[in-house]
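Q: So that we are looking at the same thing, I have put the structure below in structure tokens.
The values are calculated or read from the model by the stated rules, or taken from the named source; none is laboratory data. The model shown is predicted, which means the values in this text are computed figures rather than measured ones. Here the Cβ is made from the backbone with ideal geometry for all residues, glycine too, and neighbour counts use every protein chain on show. For the accessible areas, the whole protein counts, side chains as well, though only heavy atoms, and no ligand, DNA or RNA atoms are used. Shrake-Rupley method; radii C 1.70, N 1.55, O 1.52, S 1.80 Å.
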2 protein chains.
Amino acid sequence: MSSVQTLFQSETLPSGSQAGVPEREERKDYFIERNGTRYAGIHLIVDLWGAERLDDLAHVEAALRDAVTAAKATLLHIHLHHFTPNHGISGVAVLAESHISIHTWPENGYAALDIFMCGDAEPQATIEVLRKAFKPERLAVEEILRGRVG
Amino acid sequence: MSSVQTLFQSETLPSGSQAGVPEREERKDYFIERNGTRYAGIHLIVDLWGAERLDDLAHVEAALRDAVTAAKATLLHIHLHHFTPNHGISGVAVLAESHISIHTWPENGYAALDIFMCGDAEPQATIEVLRKAFKPERLAVEEILRGRVG
């Protein structure tokens, strides 16, 4: 990657709201308590190897949006950069429940993602979306409980 | 957190460039080869406990920008959300070398960060910036080599 070739971003605001106008909505990233463990959220560190279409900006954006939907998360902001000369992409989706990021190295067939979600979102549901979108030969997931108390 | 109270973002483009106009610059996130190990970048998972000023949007933004500078990284885009009712903040800084994210729970004195940097950037240099900015009673760092080959 290097120079910024394409810059894409958009705001996704709750239905009925206008840009810049605050709107009350349900709190979505409260600390979770399950099986006696209290924590802030689940952070998945995901690596794709031998993956396809890592240089396709529209495809990467669609995959990020599909991942947010699959996880039942709320998209607040999405931003992608397309770099030259390798056509690698960096993208972040800011969620009411934290974020998803992706960085791709098409020349290596490699993509590094992290998927951090709090509250009732289901981060594991993003994995099948990524598998279908990028058809990796190998996909590795590491799960980290963030903000663990007790 | 819950409703989006304040929305802040700005674009930081290379000197001399204009929004939307591509500009060639040095490739900054090539795979790194050190001591016989080839990898895409270093991903720091950082937790702050007993931290201060986690509800101060301007302070969190300044800390993110200072962290980018300390790491000798290149800021492309920064975006922060301020939530109610807990005044928690979510922020992402997209870099030519990957990204920094922060999510704060002021009511718990807790912040979850991840700092992913490729190329010649120095992610470890961000730690002292975070320590000074948020004065955590406890700071934990986990380092993950992303995209490791061999």
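Q: At R0 = 35 Å, how high is the FRET efficiency between B:Asn35 and B:Glu107 if r is their beta carbon distance? Nearest 0.05 is fine.
A: Numbers: r = 43 Å, r/R0 = 1.24.
About 0.20, to the nearest 0.05.
Q: OK, next. Leaving out ligands and nucleic acids, note down the accessible area per residue over the range B:68-125 with a 1.4 angstrom probe, in whole Å².
A: 19 Å²
Q: Taking every residue in B:111-121, how many Cβ atoms of other protein chains lie within 10 Å of its Cβ, on average? Don't jump to the answer; show the numbers that get you there.
A: Values: counts 3, 10, 1, 8, 0, 6, 0, 6, 2, 0, 0.
Whole-number average of other-chain Cβ neighbours for B:111-121 is 3.
Q: Would you please give the residues with an amide H less than 5 Å from that of A:Gly147, counting only those at least 5 places away or on a separate chain, with H modeled from the backbone geometry?
A: A:Ala40
Q: Report ³J(HN,Hα) in whole Hz for each residue of the range B:96-107, in order, from the Karplus equation J = 6.51 cos²θ - 1.76 cosθ + 1.60 where θ = phi - 60°; Gly and Pro get x.
A: Working through the residues one at a time gives 4, 9, 2, 6, 10, 10, 9, 9, 10, 10, x, 5 Hz.
Q: Zone of A:Arg148 (label point 7 Å along Cα→Cβ, backbone N under 17 Å): which residues in the range A:31-47?
A: A:31-45
Q: Right, here's the next one. Rounded to whole Å, how close does chain A get to the rotation axis onto B by Cβ? Give me the residue too, please?
A: Value returned for chain A: A:Val92, 2.
Q: Turning to a different aspect of this structure: Just to be sure I understand: if you take the accessible area of chain A alone plus chain B alone and subtract the pair, with a 1.4 Å probe, what total do you get in Å², rounded to 100?
A: That pair hides around 4300 Å² of surface in total.
Q: From the label point of A:Ala58, set 7 Å along Cα to the beta carbon, how far off in nm is each other copy's matching point, shortest first?
A: 4.3
Q: What length, rounded to one decimal in nm, is gained on full extension from B:Thr84 through to B:Glu128, with 0.36 nm per residue of separation minus their alpha-carbon distance?
A: Difference between extended and current length: 13.0 nm.
Q: Roughly how many debye, to the nearest 20, is the charge dipole of the range B:54-150 about its Cα centre, given +1 on each Lys and Arg Cβ, -1 on each Asp and Glu Cβ, and no other charges?
A: Roughly 120 debye, rounded to the nearest 20.
Q: What share of Cα pairs, in percent, lie more than 19 angstrom apart in the range A:37-123?
A: Within the range A:37-123, distances greater than 19 Å cover 37 percent of Cα pairs.
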